[in-house]
Amino acid sequence: MANKAPQSITQEKANAYDSFYEVFTHLYKELKALGMKKPSDTLSASKVSIVNRLLQDIREIMEGEPEHKYLDLLDDESLPQYSDAILVLSQYEGALKGFKERYYGYDSILYEDKWNII
């Protein structure tokens, strides 16, 4: 099956994705590790604040994308359990994967993978 050509995005969105992707990946990995020990423990208000700051940045570049409606922030009033936070972050992980699949691909002229910029 032939690869479908990627759609185009702005340089600003590509830069934003590149700037937070590694931070998101490490944060998600760390939360999963903490959640494996005690999944029913509650996150602290400071952890929720840190996570939500990153999630808000992701939500901004995902505006207008099909997955956007499924991307919720963590509830900072009734602090979530680790298992709930991991579930929310797994939705972001899927959304980020779909985003990259749509806009990142092989450039046969440059012989490299790159963002398809408008």
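The values are calculated or read from the model by the stated rules, or taken from the named source; none is laboratory data. Keep in mind that what you see is a predicted model, and the values were worked out from it rather than measured. Please note: Cβ atoms are built from the backbone with ideal geometry, for glycine as well, and neighbour counts cover all protein chains shown.
Tabulated data for the structure shown
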read-out	value
Lone unmet requirement of (1) touching a strand residue (DSSP E or B) at 6+ places or on another chain (Cβ under 7 Å); (2) surrounded by 12 or more Cβ atoms within 10 Å (Cβ to Cβ); (3) modelled with pLDDT under 95 for Q81	(3)
Failed item in (1) over 19 Å from L34 (Cα atoms); (2) not in a helix (DSSP H, G or I), with D75 passing the rest	(1)
Restricting region 84-116 to residues that are among the acidic types (D, E) and surrounded by fewer than 16 Cβ atoms within 10 Å (Cβ to Cβ), the residue that is nearest to Q7 (Cα to Cα)	E101
Qualifying position, being farther than 21 Å from Y103 by Cα, among the hydrophobic types (A, V, I, L, M, F, W, C) and touching a residue at least 24 places away in the same chain (Cβ under 8 Å), among L79, L55	L79
Contacts under 7 angstrom Cβ, first residue in region 93-110 being more than 19 Å from Y28 (Cβ to Cβ) and free of Cβ contacts under 8 Å to residues at least 12 places away in the same chain, partner of a type in the set (G, A, S) and not in a helix (DSSP H, G or I), 6 or more apart	none
Residues that are surrounded by fewer than 15 Cβ atoms within 10 Å (Cβ to Cβ), among the polar types (S, T, N, Q) and farther than 30 Å from K13 by Cα, drawn from region 24-78	S40, S44, S78
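So that you can scan it fast, the table gives a plain yes or no per residue for (1) modelled with pLDDT under 95; (2) closer than 16 Å to Y92 by Cα; (3) not hydrophobic (A, V, I, L, M, F, W, C):
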residue	(1), (2), (3)
A2	yes, no, no
A5	yes, no, no
I9	yes, no, no
N15	no, no, yes
F20	no, yes, no
H26	no, yes, yes
K29	no, yes, yes
